[in-house]
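This report concerns only the one structure given below.
The values are calculated or read from the model by the stated rules, or taken from the named source; none is laboratory data. The structure displayed is predicted, hence computed values, not measured ones. Note that each Cβ is placed from the backbone with ideal geometry, even for glycine, and that neighbours are counted across all protein chains shown. Each accessible area value is taken on the protein alone, full model and side chains, heavy atoms only, with ligands, DNA and RNA left out. Shrake-Rupley method; radii C 1.70, N 1.55, O 1.52, S 1.80 Å.
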Amino acid sequence: MDPAIQRVLIDAETIAARVQQMAEDISAAYRDVDELILVCILNGAFRFTADLAERLSVPYNIDFMSLSSYPTSASATGEVRVLLDVKDSLHGKHALIVEDIIDTGHTIQYLYAMLGTKRPASLRSCVLVSKPGMRQVDVHVDWIGFHVPNEWLVGYGLDWRNRYRMLNYLDNVRFTISGRSLFLSC
């Protein structure tokens, strides 16, 4: 384990079981559609999307978007910028936003508004982790993996300064400054 990792908040087995359950629930919801378009929000949701897709029992295709909602700091500003848009048309198709985390709600709210203009037959969302205590806007998420504390989490695609994405579990990062252990908070 990396020395910056203090404890395991959600272990790999618990994540795998929850992703399996979410895939079953999503498959049931889309059992009568010809094709589901998973809109993976890069970079954080890549691993979650891959594991979720592997477990779906309905036909699907994957498209990608990349957004920036933390342009210059570790704090959400409410400003969302599109860095990469979906390449295929969503018009008349069933789309599912797959996101790693929802905290303030600004990004998912922006995604609903922006992707809604592409006129999908339906638009829903699933998120690996939710921080309800950080919500600034009221937004609906159809499937949530875990509710987590207001800490900066890493692992399973989530990162801190592009580190720790590869961990197969979720946790917070611990820093030692002047002999004191500190956790990065949101």
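Overview of values
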| item | result |
| --- | --- |
| Leading residue by the ranking (least open to solvent (accessible area, probe 1.4 Å)) among those in the range 117-144 that are within 29 Å of Ala17 (Cβ to Cβ) and in a loop (DSSP other than H, G, I, E, B) | Lys131 |
| So Gly133, is it at pLDDT below 95 and either polar (S, T, N, Q) or in contact with a helix residue (DSSP H, G or I) (Cβ under 6 Å, 6 or more places away or on another chain) (or both) | no |
| Extreme residue, surrounded by the most Cβ atoms within 10 Å (Cβ to Cβ), among residues of the range 83-116 that are in contact with a helix residue (DSSP H, G or I) (Cβ under 7 Å, 6 or more places away or on another chain) and among the β-branched types (Val, Ile, Thr) | Val98 |
| Residue list for the range 51-69, filter: surrounded by 15 or more Cβ atoms within 10 Å (Cβ to Cβ), in a helix (DSSP H, G or I) and either over 15 Å from the mean Cα position of the chain (by Cα) or aliphatic (A, V, I, L, M) (or both) | Leu52, Ala53, Arg55 |
| Subset of the range 70-110 [assigned to a loop (DSSP other than H, G, I, E, B), under 22 Å from Glu151 (Cβ atoms) and modelled with pLDDT of 90 or more] | Asp103, Thr104, Gly105 |
| Hits in the range 1-43 (condition: of a type in the set (Gly, Ala, Ser), surrounded by 15 or more Cβ atoms within 10 Å (Cβ to Cβ) and either modelled with pLDDT of 95 or more or within 17 Å of Val86 (Cβ to Cβ) (or both)) | Ala23, Ser27, Ala29 |
| Within the range 19-50, tally of residues that are in a helix (DSSP H, G or I), touching a residue at least 24 places away in the same chain (Cβ under 8 Å) and of a type outside the set (Asp, Glu) | 11 |
